[in-house]
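Below is one structure, written out as structure tokens; comments come after it.
Throughout, read-outs are computed from the coordinates displayed, never taken from laboratory work. As the structure is a computational prediction, the values presented were derived from the model and not from experiment. Here the Cβ positions follow ideal geometry from the backbone for every residue, glycine too, while neighbour counts run over all protein chains shown.
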Amino acid sequence: MALTIPTPGIFWANSGVLPSQKPILPYETYVKWYEEVHIPDWMAAKPGAITAAWRYQSLDPDRTLPFLVTYKYPDFTDLNAPEFSRVSLSHPLLPEGKPVNQLAQFEVLSGSHLETWRAVTTGDERGPLLVTETIDPGTISTAQINTWYQETYINEIVKIEGWRRTSRFDGGSTRQPKWFALHEFEDGGFFGNNSTKISGLLGGSVGPKDGERLIKKADLALWKLVRVYGNSSDGWGNGEDEIIGM
């Protein structure tokens with residue numbers, strides 16, 4: 001009987017207080033509830049289903065959804081466990097007895113881990129700066145975009161000053177975006193000094209016509225790591241990361 005190795009994955013929750021609710025729910029109170037109540041509750045819902053979580057804050061002061069948490073699931077199928085549907089969305093910290101889904105807007109993604117590349121000098125800890133990237137393909141096949149990402153694009157990413165690690169995930173055949181990635185960087189590198197230039201991350205490897213064909217939609221955002229829960233050195237995959245660059 002063949003052994004089945006669980007596929008690890010990510011649950012990514014991006015959120016912010018609704019504009020209409022800001023008079024009764026200051027962002028600082030929302031952060032306190034999320035960091036001290038919701039993340040611990042979510043991680044404890046099914047013991048062992050989540051081994052780590054990383055909480056990030058947007059470095060764009062105008063971003064509508066400035067709060068980001070990424071959760072590591074060693075077995076991606078645990079994401080659908082009924083225990084998570086029973087996590088309470090109400091708490092005394094939240095005003096007027098309202099559940100949080102009436103007070104805040106959420107955008108969530110989930111996906112299985114595809115691959116991770118890291119620099120030779122990168123350890124297990126997460127980089128202090130994070131660039132998140134979502135990609136939907138144009139008209140080309142999965143095999144073609146995988147080849148472009150693995151053989152061309154990643155070789156451009158590793159040249160960016162301060163790059164530490166890139167992890168890519170598959171959002172599934174019915175989910176948009178199709179792929180998303182986490183690019184980790186050192187503080188004080190390129191993004192530490194040029195936080196408004198993240199739009200350039202997708203440049204270079206394809207010309208304008210090829211770019212339109214390869215990428216239908218790409219969203220980039222820059223974040224700072226604020227807090228870690230659980231096993232801070234837990235990798236996204238099952239095995240060793242691919243080491244790339246100098």
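GNM remark for the chain: springs join alpha carbons under 10 Å apart, and the peak mean-square fluctuation among S85, S232, S110 falls on S85. Bridges between two residues of the stretch 9-243, per DSSP, are antiparallel at a rate of about 95%. Here the 3J(HN,Hα) profile of the stretch 96-105, calculated from phi with Karplus coefficients 6.51, -1.76 and 1.60 at θ = phi - 60°, is 6, x, 6, x, 4, 6, 9, 10, 9, 9 Hz, Gly and Pro shown as x.
Computed from phi, the 3J(HN,Hα) profile of the stretch 109-125 under the Karplus parametrisation 6.51, -1.76, 1.60 (θ = phi - 60°) reads 10, 8, x, 7, 6, 9, 6, 9, 10, 9, 6, 4, 8, 7, x, 7, 5 Hz, with x in place of Gly and Pro. A quarter of the convex hull surface defined by the alpha-carbon atoms of the stretch 49-121 gives 7.6 nm² as the mean projection. For Q105, put the label point 7 Å out on the Cα→Cβ axis and report which residues of the stretch 39-60 keep their amide N under 20 Å from it. The answer is 56-60, whose backbone nitrogens lie closer than 20 Å to the label point.
Phi angles of the stretch 28-35 translate, via the Karplus equation with coefficients 6.51, -1.76, 1.60 and θ = phi - 60°, into HN-Hα couplings of 4, 5, 4, 4, 4, 4, 5, 6 Hz per residue; Gly and Pro are given as x. Cα to Cα, under 18 Å, and not fewer than 8 places away if on the same chain: which aspartates and glutamates meet these conditions relative to K32? Partners found: D41, E96.
Remark on G111: its backbone amide H falls under 5 Å from those of I10, a criterion applied only to residues 5 or more positions apart or on other chains, H modelled at 1.01 Å from N. The aspartates and glutamates within cross-link reach of K178, meaning a Cα-to-Cα straight distance under 14 Å and a gap of 8 or more places when in the same chain, are E133, D136, D170, D219.
Determine the calculated [θ] at 222 nm for the chain from helices alone, applying -39500 (n - 2.57) to every DSSP H run no shorter than 4 residues and normalising by the residue count; nearest 500 deg cm²/dmol. Theoretical 222 nm ellipticity from helices: -3500 deg cm²/dmol. Here the label points at S141 and T121, each 7 Å from Cα along the C-beta direction, are separated by 4.1 nm in the simple model. Could you give the length gained on full extension between L65 and L18, defined as 0.36 nm per residue of separation minus the Cα-Cα distance, in nm? Result: 16.0 nm gained on full extension. Across the stretch 20-47, the residues whose backbone nitrogen lies under 16 Å from the label position 7 Å along the beta-carbon direction of E96 are 20-27, 30. Each Cα pair under 8 Å and six or more residues apart adds its sequence gap; the mean of these over the residue count of the chain is a relative contact order of 29 percent. Annotation: amide H-H contacts under 5 Å for L18 (H modelled 1.01 Å from N, sequence separation of 5 or more, or interchain): A104, Q105. Percent of C-alpha pairs per 10 Å bin in the stretch 9-243, short distances first: 7, 31, 36, 20, 6, 0.
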